[in-house]
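Only one structure is covered here, and it is reproduced in the block below.
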Amino acid sequence: MKKKMMALVLAVVMSASATACGSSTGTTETKGEKTEDAASEEGTVVVAQAMPTLNNPWYVQFANGSKDMAEKLGIKFSQVTNPGDSEWDPEAQIGIIENLIATEPDVIEIDPTSTDGINTAIEEAATMGITVVTSGSRTSSEHVSCSITADNYQGGVSCGKRDGKTFEWCWEDYCFGCDTWKRCYGCTCKRF
């Protein structure tokens with residue numbers, strides 16, 4: 001039981017660290033702990049990560065951050081993604097999760113392709129005593145032990161405030177007549 005709690009804490013730290021790449025806003029929600037111990041022989045925490053794709057710079061950064069954090073924390077870590085032609089297909093992700101369940105990790109961290117389309121695989125993992133953590137999106141499954149998501153609304157507000165300050169000069173320095181930035185390129189039409 002102690003190892004399962006440590007696995008959950010480490011998975012949360014890994015996911016939160018990887019998620020925090022560019023945002024300081026977000027939420028972490030944790031539910032109870034599993035009581036069964038599916039420990040590896042060496043006593044090392046084993047975390048498997050299921051992501052939809054690596055064809056997006058954000059997911060590449062998330063994947064690299066997860067690998068780096070696992071190495072720092074001494075976690076045995078594996079990562080899989082959906083096949084290229086079905087990156088966002090819940091059925092493909094179910095197959096990936098079922099394959100991960102067969103490897104008997106302590107924790108499966110999932111970036112879900114659907115809020116309810118992968119719940120059967122999540123339930124299967126929980127039934128096997130595997131802690132399930134989601135990141136990026138929440139699912140409707142009651143078998144998720146922890147969910148780490150960004151507050152996209154607050155992120156948008158923060159970007160708007162930052163961009164508003166960064167680009168204050170834009171409207172007075174932009175020439176709509178020749179469609180150029182006066183400050184950078186000089187106005188060629190002299191109408192504005």
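The values are calculated or read from the model by the stated rules, or taken from the named source; none is laboratory data. Since the structure is predicted, the reported quantities are computational estimates derived from the model, not experimental observations. Cβ coordinates were reconstructed from backbone atoms using ideal geometry, including for glycine residues, and neighbour counts include every protein chain displayed.
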Any chance the range 107-127 includes a residue that's under 19 Å from GLY43 (Cα atoms), out of contact with any Pro (no Cβ under 9 Å at 6 or more places or on another chain) and among the small types (Gly, Ala, Ser)?
no
Those residues of the range 47-89 that are of a type in the set (Ser, Thr, Tyr) and either in contact with a Phe, Trp or Tyr (Cβ under 6 Å, 6 or more places away or on another chain) or part of a helix (DSSP H, G or I) (or both) come to a total of 4
On the basis of being without any contact (Cβ under 8 Å) to a residue 40 or more places away in the chain, of a type outside the set (D, E, K, R) and assigned to a helix (DSSP H, G or I), does THR120 make the cut?
yes
Conditions (1) of a type in the set (D, E, K, R); (2) at pLDDT 65 or above; (3) in a helix (DSSP H, G or I) -> ARG183 fails only (2)
Residues that are under 11 Å from the mean Cα position of the chain (by Cα) and hydrophobic (A, V, I, L, M, F, W, C): does the range 68-80 have at least one? no
Those residues of the range 105-117 that are part of a loop (DSSP other than H, G, I, E, B) and surrounded by 15 or more Cβ atoms within 10 Å (Cβ to Cβ) come to a total of 7
Scanning the range 138-157 for residues that are in a loop (DSSP other than H, G, I, E, B) and loosely packed, with under 15 Cβ neighbours inside 10 Å, the one modelled with the lowest pLDDT turns out to be ASP151
- Query: With respect to ALA92, is the statement that it is hydrophobic (A, V, I, L, M, F, W, C), assigned to a helix (DSSP H, G or I), modelled with pLDDT of 95 or more and more than 18 Å from GLY129 (Cα to Cα) true?
  - Reply: yes
Within the range 42-62, residues closer than 24 Å to ARG138 by Cβ and either surrounded by fewer than 17 Cβ atoms within 10 Å (Cβ to Cβ) or free of Cβ contacts under 8 Å to residues at least 24 places away in the same chain (or both) come out as LEU54, ASN55, ASN56, PRO57, TRP58, VAL60, GLN61
